[in-house]
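The values are calculated or read from the model by the stated rules, or taken from the named source; none is laboratory data. All values derive from a computational prediction rather than experimental measurement. Note: ideal-geometry Cβ built from the backbone for every residue, glycine included; neighbour counts use all protein chains shown.
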Amino acid sequence: MRSAQCPNPALGTLDTPDCPGGATPVVLATCTSGLVALSPLWRRSADPASASGWSPWVLLAGTSTCPGDAGFPTLTATDFQRLPLVPSVIGIEPPGGWTLANVPTIVWTADLAQTLRTTVLGVGVSVRASPTMFTWDFDDDTEALATTDPGAPYPNESVTHTYRAAGTHRVTLTTQWSGQFLVDGYPAWQPITGTATTTTTSDPLTVHTARPHLVADPTS
């Protein structure tokens, strides 16, 4: 399958072998994946001397490409890591900024993907970031906990931590994200090689030590 692309002032491109204004159509090759190559980009500039006020449409070389070609817009790991990913939100129970020593403290976060927009080589690109790993640092003498489980609040809790002594701590969550990108005009999402991370730190969490006390019979 092959298709022709023509510059068009209103539509940007038009699938027809007859281009308006006498422009030369560009035939798009079929990629090895079976998909048609990315549509080419056209550019024109203001030209007060012309009847229309604009210069002729000019094809930008190398913009009709397949994934993997040198001219195909690609999002690198560095590009991915520079995007303003929204850090994960930390949930802690019991709520209110306190917990008890020797009692499991529940933590969780949302396991949600996020989509951002950026531009690569002048082409619009959508980026989809999905969390793949959650690393919890509980700010005590224990090792950080790395898990693919985002956890959940009570009564479905699955990620907990037990502090052994009174004190004040801040819980830090590092989320690892994997990514995919979708070039405008192209139907298939492409994987991003490499990952990005975000870090979230909680407000101070005060750990109290509970002591048993004998009390009078509350029913008497």
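Evaluate the stretch 179-194: report whether one residue or more is under 20 Å from Ala77 (Cα atoms), exposed (fewer than 13 other Cβ atoms within 10 Å of the Cβ) and among the aliphatic types (A, V, I, L, M). Taking every residue of the stretch 179-194 in turn, at least one turns out to be under 20 Å from Ala77 (Cα atoms), exposed (fewer than 13 other Cβ atoms within 10 Å of the Cβ) and among the aliphatic types (A, V, I, L, M). Taking the criterion of being buried (at least 16 other Cβ atoms within 10 Å of the Cβ) and either out of contact with any strand residue (DSSP E or B) (no Cβ under 6 Å at 6 or more places or on another chain) or at pLDDT 65 or above (or both), the residues of the stretch 60-80 that qualify are Thr63, Thr65, Cys66, Pro67, Gly71, Phe72, Pro73, Thr74, Leu75, Asp79, Phe80.
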